[in-house]
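A.B. asks: What follows is a structure written as structure tokens; I'll ask about it next.
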Amino acid sequence: LNAEIKSKWGEIMNRNMFATLLLSVTAIFSSTVLAHELEAEMKTLAKSTKAFATTNDIETAKKQLAIMRQAALASKQSVPHKLETLSPEHEQAQAYQAALDQLVVEIDKVTALVNQGQLDQAKAEAMSLIKIRNESHKKFN
């Protein structure tokens, strides 16, 4: 009977170790995927910001701003490496989300100016996007 109990106990422990290992691998993989997604969104933001800054066409400006807004919103689904171990309620994690919210608000302000045909003023206002980016990179990278 003792041998049978030991055997069953060994099977249970092996299953638990396997389950723990599987969860660990899944967590690492998920973290890596999310980090890669965030990096892709940040590259999209940078590329669209540059395209916006260099265009003289209202429709191109609108398109680039829409891409920027979508990338900023998608970035909210991920966190930078520095914040990966923090809970969503942590002050820094909330500050990261707030920075992205601020970025979306500023993109919307710039978009409103473009929609009014004020491309030069929109480009001047878009400098706030660069400021938000620079400050956020200092805090969260």
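A.B. asks: Taking 25 Å as the cut-off for C-alpha to C-alpha distance, list the pairs among 47/82; 82/123; 62/139; 43/82; 63/131; 50/109 that go past it. List each step's numbers first, then the result.
C.D. replies: Working: 47/82 23 Å; 82/123 31 Å; 62/139 29 Å; 43/82 18 Å; 63/131 21 Å; 50/109 18 Å.
Among 47/82; 82/123; 62/139; 43/82; 63/131; 50/109, the Cα-Cα distance tops 25 Å for 82/123; 62/139.
A.B. asks: Quick one: net charge of residue 138's neighbours, Cβ under 14 Å, K/R +1, D/E -1?
C.D. replies: My count for the surroundings of residue 138 gives +3.
A.B. asks: Using the Karplus curve 6.51 cos²θ - 1.76 cosθ + 1.60 with θ = phi - 60°, what ³J(HN,Hα) values do you get for each residue of the stretch 128-141, in whole Hz, with x for Gly and Pro?
C.D. replies: Working through the residues one at a time gives 5, 5, 5, 4, 4, 4, 4, 5, 5, 5, 5, 6, 10, 9 Hz.
A.B. asks: What is the distance in Å between the Cα centres of the stretch 61-89 and the stretch 92-116?
C.D. replies: 11
A.B. asks: Take residue 127 and residue 37, extend 7 Å from each Cα along the Cα→Cβ direction, and tell me the distance between the two endpoints in nm.
C.D. replies: 3.6
A.B. asks: Which ³J(HN,Hα) values in Hz, rounded to whole numbers, follow from the phi angles of the stretch 40-47 under the Karplus curve 6.51 cos²θ - 1.76 cosθ + 1.60, where θ = phi - 60° and Gly and Pro get x?
C.D. replies: Running phi through 6.51 cos²θ - 1.76 cosθ + 1.60 with θ = phi - 60° gives 5, 5, 5, 5, 4, 4, 5, 5 Hz.
Since every read-out is calculated from the coordinates, none of them should be taken as a lab result. Remember, it's a predicted structure, so these values are computed and weren't measured experimentally. Every residue, glycine among them, receives a Cβ derived from its backbone with ideal geometry; neighbour counts consider all protein chains shown.
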